[in-house]
Amino acid sequence: MDPDTKKCKESKPHSSNSNGSKCSHLKFPDEALEKVLSFIDSHKDRNTVSLVCKEWYNAERWTRSNLFIGNCYSVSPEIVSRRFPRIKSVRIKGKPRFSDFNMLPRDWGANVHAWLVMFAEVYPFLEELRLKRMTVNDESLELLAKSFTGFKALSLLSCDGFTDDGLKFVATHCRNLTELDIQDSVAVDVGGDWLTCFPENFSSLEILNFASLNSEVNFESLEKLVNRCKNTLRVLKVNESITLDQLQRLLVHAPNLVELGTGSFMQELTPRQYEDVGSAFSNCGKLRVLSGLWDATDLHFSVLYGACARLTFLNFSEAVLQSGELAKLLAHCPNLRRLWVIDTVQDKGLEAVGSSCPLLEELRVFPLDPYDLDHQHGVTEQGLLAVSLGCPKLHYLLYFCRRMTNAAVIAAVKNCPNFTHFRLCIMNPGQPDHLTKSPMDAAFAAVVKTCPKLRRLSVSGLLTDKTFESIGEYAKNLETLSVAFAGSSDKAMVCVLRGCPKLRKLEIRDCPFGNAALLSGVEKYEMMRSLWMSACDVTMKGCRMLAREMPRLNVEVIEDEGSDDGAKAGKVYVYRTVAGPRRDAPPFVLTL
Amino acid sequence: MENYEANGLNLKATELRLGLPGTGNEQQQQDQYSSSSSSHQQNVKNNYNNNNKRSSSEIASSCDDEQQQQHDDGAPLAKAQVVGWPPVRSYRKNVLEKKNPESSMFLKVSMDGAPYLRKIDLKFYNNYFDLLKGLENMFKCTIGVYSEREGYNGSEHVPTYEDKDGDWMLVGDVPWDMFVTSCKRLRIMKASEAKGLVSPL
C-alpha cells in the first residue's frame, strides 16, 4: 500500500457519531490529530489512545508505524493487516520463555512465514523486523530479502530454523541493510559464506552480530565488509572463530565502534602484536560495550586497558575467570553499569565488583557447570552481600548460586532498594537457608516489601505459601514471575493471581498447584500475556473448565498424558488471543 | 526410583530428587514432580548425555543411608538431572565442555543382547573395580573378576574396549591410566563370543 494514498474519509468527525458518543469537543481535523499522534511511539500509549473513541482509534491506526506483538498467537496476520495500513517496523515474540531450556518439543510452532507472506503483500515498505524465539526458515528469509526493497534491519534473537542459505539471501538482496543481528540464535548449518554475498558497493551496515554462530567465517570478506562500512559501523560482534590478530585488523578499520564482541583470546602473540591489539583498543574512543572474550585470561587483559575506563557494559559470560583476574581488570573499569560473569570468579571476585564498580546497575552471574553439585564452586550469599554493599545503584540481578541465606538477601535489598529485576536461582531445587535450614520465605518477602519498583521476580529455594502471600500483598508492580519447585498448596498461586495487578507473565514448573489454583485466575488471564504451568497438579478437567469459561483464551496442553478428565496436564500454556485457536498446532498440542 | 528400567532408557534416573538424600521433604515432593518430558526421546537423551553420572540404583542405594552422602571413594553424590533446570540456555552449557576438556570423558557402552547403547563418564571412575561394578549395575549382569592369566574366565560377560588403534582389547590388561587415555568405546560381550580375546600367556 502506497503510504501516500489518501485514506478514506469515513473517520471525519461529524456532529454526532453513529454510537452517539460525545466527541464534539474533539473536532480537530484528522490531519492535526494524526500529526499529534505521530509523536507517540510507545505501543502501550498508542493502545490507550485507540480506546478513547472511534476517531482516535482510526487516527491512531493510520499513524502507527511500529508494530509490537508480544505473543505471535494472540493475533493473526489478517487482523493486523486490516487494522494497521502503514507499518514500517515489526517486533514479534514467539515461543514461551521455557523453550530456551528445552522444555518445548521441537516444531512447536511460532514460525514467522505466515506473517512474512502478509507483510510482503500489505507492507512493501517494511524496514525493520525483530523476532524473538521464532522459527525462521530459509524460505522466509528469501521472501524477506526479495519483498522489501527498503529493508534495513533484521534482528533474530534466540531464533532457529535458518541456515547459511537464508542469510545469503539477506546479504545479497538487502541493499539498504543497516542491521543484521542473529544474537543467540541457533543456526545449525550456518557457515561464514554469507559474508561473501554482500555486494561490492555495500557500505551501510551499522550493526553486525553473529557472535553465536558456531562455525568459521570468511575473514577476508569480513575484513572488506568492515572496511567498506567503517563510517557507519557502530556494533560489531564476531564469533569465536576470529582470532586476536584478526580482531586487531578489524578494529583498525572500525574506530567508531560503540559495541564490540571479540572472538577468541586464546592465542600466543608476539609483544609487538600485543601492542598492536592494545593500541587498536585504545583508539576505539567510543567503545562502551565489550563482550565475546572467549578464553580471555589476565595474560591478555593489558590489551583492554586502553578501553576499560570508558566501558559501561562488560560481558564476561564466555570467559572463565578466577577472582584475582577479574579483580585485576575491574580495577580499570570504574564506569561499569552492567557486568556479566561466570561464577568461577567466586565471592572474592564479587567483592572486587563491589569495591571497583560503584556505578553498577546490573549484575548477572552464570554458572560454569549448572549440573555440578560440588558445593565448593561458585558464588554464595557472601558474594551477593558484597556486591550490594559496594553497588547501591544495583537494580538488575541474575544470580545462580548453590547456597543462599535469608539474612543475606534481606541485607542486600536493604542496601539496594531499587531492584526492578530480581532473579535468584538457587540451583538445587527446594534448598533451604544454608545456615538456618529454614525456608527462604523471609528472603523473598523482604525483596517484595523493600523494592516497590520490582517488575520481574524469579524465586527459588525451599519456599512455602508464605512467599506467595507476600508477593500478592506487596509486589504491586510485578509484571513477570517465575516459580519452580516451590509452594505448598493452591493458596500460593491464588495469592499471586489475586494480588498482583500488573502481572503479565506467570511461568510455573514443578509446583503443587492444581485445578483450584488454575481456575482462580479465570478473570485474570485475559489481562495477562500468558501463563505457563508444567509438571504441576493441574488435570485435563481443570484445563477444559478454564477453556469453557474463557473463550478468548487459548488453553493449550502440550504432551498430555491421556485425555480423560483425571489425567494430568503435563504442560499447559494459556494465553489471551483474538485469533481463536491455533491453525498451525502440531499434533502434540491440544487446544481445549 | 529403585527400579532400573530394563529397556535401558533409565527414565527414573532423570527424575527430580529434592534436597540431599535423607532430608524429610524428599519423598513428599518427589511424588508431585515427574520428569516433564519422559515421552521425548530427545530430551531424555539430552539429560543423559549431559550428566547422568550415576545409574539410578547407585543413587537409590546411597539414599538409604542419611549420613553417607558421598560415594565410597569420596566422589560427591550426583543428583539426577531435571529437564530445563537450572534454567540456563543450551549454548551456555557448552562453556564447560569447551573450557575443561579434562572434566568428562563420555564413552558409549554396548552390551550384546541389549537394545540400547549406554554412555558412561570414564572420569567418574578411579579404577577398574569401580568401573566394572558400575557396568554390572548398569546392565544387570555379572562380569566377575579379572585375572591376568585367565581374563574373565568363568564370567558370563566379558568387558572389552576399542582402543585408539581400533583394536578390541580386554578390559583390565593395561594399567588404569593407560586404559583411560586409550579407550574409545566399550562393549560387554557374552563370554561365549569373547574367547578370542582372552590372552593366552
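The values are calculated or read from the model by the stated rules, or taken from the named source; none is laboratory data. In this text, all values refer to a predicted model and were calculated from it rather than measured experimentally. Don't worry about glycine lacking a Cβ; one is built from the backbone with ideal geometry, like all the others, and counts go over all protein chains shown. These area figures cover heavy atoms from the full protein model, side chains too; ligands, DNA and RNA do not enter into them. Shrake-Rupley method; radii C 1.70, N 1.55, O 1.52, S 1.80 Å.
Going through region A:83-119 one residue at a time, which ones are open to solvent by 30 Å² or more (accessible area, probe 1.4 Å) and farther than 24 Å from A:Met528 by Cα? Once the filter is applied, which keeps residues that are open to solvent by 30 Å² or more (accessible area, probe 1.4 Å) and farther than 24 Å from A:Met528 by Cα, region A:83-119 yields A:Arg86, A:Lys88, A:Arg106, A:Asp107, A:His113, A:Ala114, A:Val117. Each residue in region A:312-322 was checked for being buried (at least 20 other Cβ atoms within 10 Å of the Cβ) and either of a type outside the set (S, T, N, Q) or within 12 Å of another protein chain (Cβ to nearest Cβ) (or both), and 6 of them qualify.
Residues that are open to solvent by less than 20 Å² (accessible area, probe 1.4 Å) and among the hydroxyl-bearing types (Ser, Thr, Tyr) within region A:471-494 comprise A:Thr480, A:Ser482, listed in sequence order. Quickly run through region A:203-221 and pick out the residues that are at pLDDT below 95 and either more than 23 Å from A:Phe313 (Cβ to Cβ) or of a type in the set (A, V, I, L, M) (or both). If the condition is that a residue be at pLDDT below 95 and either more than 23 Å from A:Phe313 (Cβ to Cβ) or of a type in the set (A, V, I, L, M) (or both), then A:Ser203, A:Ser204, A:Ala211, A:Leu213, A:Asn214, A:Ser215, A:Glu216, A:Val217, A:Asn218, A:Phe219, A:Glu220, A:Ser221 are the ones that fit.
Table: residues versus (1) touching a helix residue (DSSP H, G or I) at 6+ places or on another chain (Cβ under 6 Å); (2) small (Gly, Ala, Ser); (3) over 18 Å from A:Val496 (Cα atoms).
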position: A:Arg403; (1), (2), (3): no, no, yes
position: A:Ala408; (1), (2), (3): yes, yes, yes
position: A:Pro417; (1), (2), (3): yes, no, yes
position: A:Ile426; (1), (2), (3): no, no, yes
position: A:Gln431; (1), (2), (3): no, no, yes
position: A:His434; (1), (2), (3): no, no, yes
position: A:Thr450; (1), (2), (3): yes, no, no
position: A:Lys453; (1), (2), (3): no, no, no
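For A:Leu385, only one of the following conditions fails: (1) in contact (Cβ under 8 Å) with a residue 40 or more places away in the chain; (2) more than 11 Å from chain B (Cβ to nearest Cβ); (3) among the hydrophobic types (A, V, I, L, M, F, W, C). What is its number? Only one criterion is unmet by A:Leu385, namely (1). Restricting region A:32-61 to residues that are over 28 Å from the mean Cα position of the chain (by Cα) and more than 17 Å from A:Arg83 (Cα to Cα) leaves a set whose member that is surrounded by the most Cβ atoms within 10 Å (Cβ to Cβ) is A:Leu33. For region A:528-541, a residue qualifies if it is modelled with pLDDT of 95 or more and away from chain B (no Cβ under 14 Å), and the qualifying residues are A:Met528, A:Arg529, A:Ser530, A:Leu531. Checking the structure you have, find out if any residue of region A:266-278 is open to solvent by 50 Å² or more (accessible area, probe 1.4 Å) and aromatic (Phe, Trp, Tyr). Yes - at least one qualifying residue is present in region A:266-278. Go through the residues of region A:194-201 one by one and say whether even a single one is crowded, with 17+ Cβ neighbours inside 10 Å, free of Cβ contacts under 8 Å to residues at least 40 places away in the same chain and either in contact with a strand residue (DSSP E or B) (Cβ under 6 Å, 6 or more places away or on another chain) or in a loop (DSSP other than H, G, I, E, B) (or both). Checked against the condition, which is being crowded, with 17+ Cβ neighbours inside 10 Å, free of Cβ contacts under 8 Å to residues at least 40 places away in the same chain and either in contact with a strand residue (DSSP E or B) (Cβ under 6 Å, 6 or more places away or on another chain) or in a loop (DSSP other than H, G, I, E, B) (or both), region A:194-201 yields at least one hit.
Sub-7 Å Cβ pairs linking a first residue in region B:138-167 that is at pLDDT 80 or above and open to solvent by less than 10 Å² (accessible area, probe 1.4 Å) to a second residue that is assigned to a helix (DSSP H, G or I) and among the acidic types (Asp, Glu), at least 6 apart or interchain, are B:Ile143/B:Glu136, ordered by first then second residue.
Within region A:173-191, the set of residues being under 23 Å from the mean Cα position of the chain (by Cα) and either within 14 Å of another protein chain (Cβ to nearest Cβ) or at pLDDT below 95 (or both) comprises A:Ile182, A:Gln183, A:Asp184, A:Ser185, A:Val186, A:Ala187, A:Val188, A:Val190.
Residues of region A:288-311 that are hydroxyl-bearing (Ser, Thr, Tyr) and buried (at least 18 other Cβ atoms within 10 Å of the Cβ): A:Ser291 alone.
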